[in-house]
Amino acid sequence: MERVVQFTGPRQVEVAEHESLPLPAGHLRVRTRYSGISAGTELTAYRGTNPYLTRTWDAEARLFREGAAGMEYPVAGWGYSEVGEVTEVSPELVGTPGMPAVGDLVWGIWGHRSEGIVPAERMIGHTLPDGLEPLAGAFARVGAIAYNAVLAAGINLGEDVAVFGQGVIGLLTTRLAQLSGATVTAVDALDGRLEWALKYGAARTLNARTDEVAERIREATGGRGADTAIEISGVYPALHTALRSVAVDGRVVASGFYQGDGIGLRLGDEFHHNRVQLICSQIGGVPPQLAGRWTVERLQRTFLDLVAAGRVDVTSLVSHVVPVGEAADAYVLLDERPADALQVVLEF
């Protein structure tokens, strides 16, 4: 039997059981060990705010269409940070260069389910690097999201960068920005996360609730403002403060998944008067100026190589490992008590 985590309605979670399916040609079967929960994208489906629940994405036109939902409850098998053991390989694939073999530990995307039937082309080169503990493999995708935002920021050695949001992806962004040569100011509303930011390379921290963030950043940079800000929290007031915090002709990378109308975002203010560049970073692609050399696949693999080399610590960010049967409790924790959790991982 296969177990699958699904949302049956807003803030309703169940673990369903299904018969295991035969393995089709061109696929691998992977038994899941760990699956990381995204506290951003997944919670939009859990809470009922995801745009796919009310509109349809027209992939050809690249537009959302009103009038019909592109996704309905139950929403099954969300999740994009899985690690597992290969248990079956379609016979015609055996011996293919780079193809994982039975018994190999692999990382990839197949959702919160006890086993994944995954197209082979998506798993080539996805064997865990030597010496990397399995739990770390669950960070390949979230690490790539942070990495993509840092590449979009175009950081130069010695520049000042502000990172808004210090959840898991924000902390990884802080670390990668520091590795890229930036002096990082970390911003969050939770003091506990700001303490983590100092461990991950931030030179200074600011509390979004109690500090005048834009003013403090300008003071720390001799009145200039940050060269770049990366907004990773998906909160409109944070995006507005990021726009206020950068220098004239500065850049803001918007990497959060923003929901609803832009309450708190005023584009006629500093954005307009300081000629700020506003750039979207989304894991569906890499910055266009790098597309000849970088791919999303390279982002993921390079991030795991950095982890394996000891340059980025991810396992310390795992605050909870939750048996899959208690998945509903894991989502309540992330939704209602975010200060008590960082990365929550389901264990199968």
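The values are calculated or read from the model by the stated rules, or taken from the named source; none is laboratory data. These figures come from a predicted structure and were not determined experimentally. Positions of Cβ are backbone-derived with ideal geometry, glycine not excepted, and every protein chain shown enters the neighbour counts. The protein model used for the area step is the full one, side chains on, heavy atoms only, and it has no ligands, DNA or RNA in it. Shrake-Rupley method; radii C 1.70, N 1.55, O 1.52, S 1.80 Å.
Contact map, segment 294-316: first residue in a loop (DSSP other than H, G, I, E, B), second residue open to solvent by 50 Å² or more (accessible area, probe 1.4 Å), Cβ cut-off under 9 Å, separation 6 or more or different chains; pairs are Arg311/Arg175; Arg311/Leu179; Arg311/Asp305; Val312/Arg175; Val312/Leu179; Asp313/Arg175; Asp313/Lys199. The set of residues from segment 203-217 being within 16 Å of Phe271 (Cα to Cα) and either open to solvent by 60 Å² or more (accessible area, probe 1.4 Å) or in a loop (DSSP other than H, G, I, E, B) (or both) comprises just one member, Glu215. Looking across segment 285-310, just one residue is under 13 Å from Phe139 (Cβ atoms), more than 17 Å from the chain's Cα centre (by Cα) and not hydrophobic (A, V, I, L, M, F, W, C), and that is Asp305. For segment 261-284, filtered to residues that are of a type in the set (S, T, N, Q) and open to solvent by 50 Å² or more (accessible area, probe 1.4 Å), the residue that is farthest from Ser233 (Cα to Cα) is Gln277. Among the conditions (1) under 30 Å from Ala226 (Cα atoms); (2) part of a helix (DSSP H, G or I), Gly325 misses just one, which is (1).
Here the condition is being in contact (Cβ under 8 Å) with a residue 40 or more places away in the chain, open to solvent by less than 50 Å² (accessible area, probe 1.4 Å) and in contact with a Lys or Arg (Cβ under 6 Å, 6 or more places away or on another chain); of Leu43, Leu28, Leu23, it holds for Leu23 alone.
Here's the yes/no breakdown for (1) touching a strand residue (DSSP E or B) at 6+ places or on another chain (Cβ under 9 Å); (2) closer than 30 Å to Pro288 by Cβ; (3) among the small types (Gly, Ala, Ser); (4) open to solvent by less than 30 Å² (accessible area, probe 1.4 Å):
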| position | (1), (2), (3), (4) |
| --- | --- |
| Ala59 | no, yes, yes, no |
| Ala69 | yes, no, yes, no |
| Ala76 | yes, no, yes, no |
| Val86 | yes, no, no, yes |
| Gly108 | yes, yes, yes, yes |
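The residues listed here are Val13, Val4; of these, the one that is open to solvent by less than 20 Å² (accessible area, probe 1.4 Å) and under 23 Å from the mean Cα position of the chain (by Cα) is Val4. Taking each residue of segment 234-245 that is under 17 Å from Ala146 (Cβ atoms) and looking for partners that are surrounded by fewer than 24 Cβ atoms within 10 Å (Cβ to Cβ) and among the aromatic types (Phe, Trp, Tyr) with beta-carbon atoms closer than 7 Å, six or more apart or interchain, yields Gly234/Phe257; Gly234/Tyr258. Take Ile117 and decide whether it is surrounded by fewer than 19 Cβ atoms within 10 Å (Cβ to Cβ) and of a type in the set (A, V, I, L, M). So Ile117 passes the test.
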